[in-house]
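The values are calculated or read from the model by the stated rules, or taken from the named source; none is laboratory data. Values in this document were obtained by computation on a predicted structure and should not be read as measured data. No Cβ is skipped: glycine too gets one built from the backbone with ideal geometry, and neighbour counts run over all protein chains shown. In case anyone asks, the SASA skips ligands and DNA or RNA and just uses the protein heavy atoms, side chains included. Shrake-Rupley method; radii C 1.70, N 1.55, O 1.52, S 1.80 Å.
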Amino acid sequence: MKHFAIAVLVKNQFGVLNRVTSMFRRRQFNIESLNVSETEKKEFSRITVISSGDEIQKEQLINQLYKLPDVVSVKELDELSSVSREVLLIKVANTPDTRRDILDAAAAFGAVTEDYSRDAIILQLTSKRKKIDEFIELMSDFDIIEICRTGVCTLERGAALLRQSVNL
């Protein structure tokens, strides 16, 4: 199965996220990443979803999204024509034996130390999803206390806009 990113522009109203995610559940699509926020216009919200499936399943999903009354626009976003980032906060046990290795690994990945205490270090990494996965894998050699990730944020390159193909 192939991963794909879909951006959905919706009316910013109560219950819209529930209706969209319920459609995923009914169609038995797993949501691997979800990011929701207001857009530059307060009357709209943008939902970015990472899911997986074959080409037919992806098309069915997009067609079902368009049937929802609050959906304004739907667009698949690919890696070449868009910029994607995710934020990771990871808390790792801070011990004298592992401290230097943790900080060296963080520096190699471009992670920033957000909090440092005698017992734990919180690192923040903003990057592509794959790099975040690789960083978590590397950090698994240490004592990971807690992880929090945002969903993927994605915008198309250039002048292309999600709201160009409006379904009103």
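What the table shows:
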item	result
Number of the condition not met by Ile102 [criteria: (1) in contact (Cβ under 8 Å) with a residue 40 or more places away in the chain; (2) among the aliphatic types (A, V, I, L, M); (3) part of a helix (DSSP H, G or I); (4) open to solvent by 70 Å² or more (accessible area, probe 1.4 Å)]	(4)
Counted residues, segment 113-163 - those being in contact with a helix residue (DSSP H, G or I) (Cβ under 9 Å, 6 or more places away or on another chain), closer than 30 Å to Val8 by Cα and assigned to a strand (DSSP E or B)	7
Those strands (runs of 3 or more DSSP E) lying entirely in segment 1-55 with at least 2 residues buried (at least 17 other Cβ atoms within 10 Å of the Cβ) and touching a helix residue (DSSP H, G or I) at 6+ places or on another chain (Cβ under 6 Å)	2-11
Failed condition for Asp97, given (1) open to solvent by less than 80 Å² (accessible area, probe 1.4 Å); (2) modelled with pLDDT of 90 or more	(1)
Residues that are touching a Ser or Thr at 6+ places or on another chain (Cβ under 6 Å) and open to solvent by less than 40 Å² (accessible area, probe 1.4 Å), drawn from segment 77-94	Leu77, Ser82, Ser84, Glu86
Members of segment 61-76 found to be open to solvent by less than 50 Å² (accessible area, probe 1.4 Å) and out of contact with any helix residue (DSSP H, G or I) (no Cβ under 9 Å at 6 or more places or on another chain), listed by number	Ile62
Residue that is within 26 Å of Val36 (Cβ to Cβ), surrounded by 14 or more Cβ atoms within 10 Å (Cβ to Cβ) and modelled with pLDDT under 95, where the choices are Leu123, Leu155	Leu155
Members of segment 40-50 found to be touching a residue at least 40 places away in the same chain (Cβ under 8 Å) and under 21 Å from Glu86 (Cα atoms), listed by number	Arg46, Ile47, Thr48, Val49, Ile50
Residue count for segment 82-94, restricted to those that are more than 26 Å from Glu43 (Cα to Cα) and in contact (Cβ under 8 Å) with a residue 40 or more places away in the chain	6
Residue list for segment 123-146, filter: acidic (Asp, Glu) and more than 20 Å from the chain's Cα centre (by Cα)	Asp141, Asp143
Subset of segment 51-73 that is of a type in the set (Gly, Ala, Ser) and without any contact (Cβ under 8 Å) to a residue 60 or more places away in the chain - its residue that is nearest to Met23 (Cα to Cα)	Ser51
